[in-house]
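Here the structure comes first, spelled out in structure tokens, and everything after it is commentary.
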Amino acid sequence: MTTAPGTTPVIAAVGTALPGPAVGNAQLENTIGASAQWIEMFIGTRTRHFAVDIETGEQHTTLTDLAERAAFAALSQARTDPRTIDFVVLATASPDELMPATVNQVADRLGLDQIPTYQLQSGCAGAVQALDLACMLLQRPGHRTGLVIGGDVCAKHLLLDRDFTRLPSHELVNYVLFGDGAGAVVVTDDERASGMCLRMVLNRFTGQGRAPGQIIRWFGAASGDGPAPAAEEDYKAIETRVPSLATETLWELADEVDWKADELDFVLPPQLSGRMTGLITEHLGVPHAREISCVADTGNNGNALPFFQLEQLANVIAPDERAVAITVESSKWLKGGFAVEAR
């Protein structure tokens, strides 16, 4: 959606949360036997954070815990009383339970009541879908300020008592690629608010007739002893298709807001892994724009990623500078992103 004059939503604050200490590649090598050198060379991710103890498999942090912490951080930074929030939107591919919805557990902890809540199920593109919905909600009478949250806890679906020496590489990679985390933003239509103006949000399904590039089964590996793994990816399709989709998204966003290539100060590329992000950024062809990436340090924590990028961006962007963020979800092929301009 393109925002109308005088109603431009503003990202007033960003908050993030990670569970537990960083888990480096050497620790993963000791635990599951995946070579630290292989991880660094082919994945390009240095550290990630897990909501489970990788030694015992015990879950110590829930998505609700992380979303609450991220939300409070954003609200505190924006100096916003939670009681003034008019709606909450949460995007995740890994809710704590089927019911109650995780968004309502978070709202309860924040002390919110009698407001609309929404939970979107999606992968990397979910954060953009949530921002898109928030922009539409801000156009409703009486909706002035909202809370948008994205996060995932994928590690709870990974079995840690397996013989990792027998796992094929396409399964083993899930243990080193993903991480857990949550992020949140306060969005408002208050013209006096400082922050980053959302000039455009793009949200497109683009997978008609295409086989899924990623499948995550609902109950993960714990669902039984069947042959299907908890998660599987078509890495060849991802490596082939994601860079072109990312470039397509970048220029569609820039065209919508009438920004030229040399007017772009920052680019927030898709965050599949450290290695893939580097390849995608090169493919985008905007070397003068500063790259804002986090995945090499946070791991691929799904719907949290754009918020970690936004947090970094908020610390360096100057008034009138411009940034474009891009997401590509390979599950059934979605592209999304947003254009922001600092006040």
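Computed from the coordinates by the stated procedures, all read-outs in this text should not be read as laboratory data. Note that this is a predicted model, so its numbers are computed, not measured. Here Cβ is always computed from backbone atoms with ideal geometry, including for glycine, and neighbour counts include all displayed protein chains.
Things worth noting here:
- Square roots of five times the Cα gyration tensor eigenvalues for segment 196-342, Å: 29, 16, 13
- Here the chain is treated with +1 on each Lys and Arg Cβ and -1 on each Asp and Glu Cβ, and its dipole about the Cα centre works out to around 300 debye.
- Hits among lysines - C-alpha to C-alpha of LYS260 under 27 Å, sequence gap 8 or more where chains match: LYS335
- About the Cα centre, charge dipole magnitude for segment 196-342 (Lys/Arg +1, Asp/Glu -1 at Cβ), debye: 500 debye
- 3J(HN,Hα) along segment 46-57: 8, 9, 8, 10, 10, 8, 10, 7, 6, 7, 10, x Hz, from the Karplus curve 6.51 cos²θ - 1.76 cosθ + 1.60 with θ = phi - 60°, whole Hz, x for Gly and Pro.
- Helical content of the chain, expressed as a calculated mean residue ellipticity at 222 nm, amounts to -8500 deg cm²/dmol (DSSP H runs of 4 or more residues, -39,500 (n - 2.57) each, divided by residue number, nearest 500).
- Kirkwood Rh in Å, taken over all unlike Cα pairs in segment 10-188: 17.2 Å
- Ranked packing of 175-182, 49-56, most packed first, by mean Cβ within 10 Å: 175-182, 49-56
- Separation of segment 151-171 and segment 272-337, taken as the distance between their Cα centroids, equals 25 angstrom.
- Here the contact order of the chain, divided by its residue count and restricted to Cα pairs under 8 Å and six or more residues apart, works out to 26 percent.
- The modelled label-to-label distance between ASP262 and ASP53, using points 7 Å beyond Cα along the C-beta direction, is 5.9 nm.
- Summary value for segment 196-342: 39 percent relative contact order, contacts being C-alpha pairs under 8 angstrom separated by 6+ residues.
- Counting only DSSP beta bridges with both residues in segment 1-136, the antiparallel share comes to about 40 percent.
- Each peptide in 30-39, 300-309, 69-78, 142-151 was scored by the mean count of other Cβ atoms within 10 Å over its residues; highest first, the order is 300-309, 142-151, 69-78, 30-39.
- Phi-derived couplings, Karplus 6.51 cos²θ - 1.76 cosθ + 1.60 at θ = phi - 60°, listed residue by residue for segment 328-343: 9, 10, 8, 3, 10, 6, 10, 10, x, x, 7, 10, 10, 9, 6, 7 Hz, with x used for Gly and Pro.
- Long-range Cα-Cα pairs in the chain (distance over 37 Å), rounded percent: 14 percent
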